[in-house]
Amino acid sequence: MEPAGPSLGLSELRAALASPDPRVRARAIPRVRPEPGVQEALIEALRDVSADVRRAAVRALGRLQGPRATRALIHVSTGDLSVSVRAEAVAALGRILEARTRDEG
């Protein structure tokens, strides 16, 4: 899902994640700016009831590529109920590994 609309800060992301509509929650995630607290909000979104929201959070965490994000993605890749969310987590981990390998080589 590509970002549509202006970027969101942490407070706007939290407000969107509180929406009862999973489409609102899922569409907000790709629009979030990296700033303090965002990673934690995205990790919390991995527990959302909607697979679409969890998948969007996985993609966003994959772009952040921090150690906490990587640990969360490893957990999702083995434990999420949705096959598509697990697959997205594995793909995100692959992109993180590829980026780290490029940076080291």
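None of the figures in this text is laboratory data; all of them are computed from the coordinates on show. Bear in mind that the values here come from a model prediction, so they are computed numbers and not experimental data. Positions of Cβ are generated from backbone atoms using ideal geometry, with glycine treated the same way; all protein chains shown enter the neighbour counts.
If each residue of separation counts as 0.36 nm, what is the full-extension length gain between SER82 and ARG14 once their alpha-carbon separation is subtracted?
22.1 nm
Computed FRET efficiency, Cβ-Cβ of SER50 and ARG95, R0 25 Å: what is it to the nearest 0.05?
The calculated FRET efficiency here is 0.65.
With n ≥ 4 as the cut-off for DSSP H runs, can you work out [θ] at 222 nm for the chain, using -39500 (n - 2.57) per run divided by the number of residues, rounded to the nearest 500?
-21500 deg cm²/dmol
Per the Kirkwood formula on distinct C-alpha pairs, the Rh of the chain is how many angstrom?
Mean inverse Cα-Cα distance, inverted, gives 13.6 Å.
Return one number: the angle in degrees, 0 to 90 and rounded to the nearest 10, between the long axis of the Cα atoms of helix 67-79 and the longest principal axis of the Cα atoms of the chain.
Long axis of 67-79 versus the principal axis of the chain: about 90 degrees.
What net charge do the residues around LEU17 carry, taking every other residue with its C-beta under 10 Å from that of LEU17, with Lys and Arg at +1 and Asp and Glu at -1?
Once all neighbours under 10 Å are counted, the net charge is -1.
Please give the helix 51-64 orientation as an angle from the longest Cα principal axis of the chain, in degrees from 0 to 90, rounded to the nearest 10.
50 degrees
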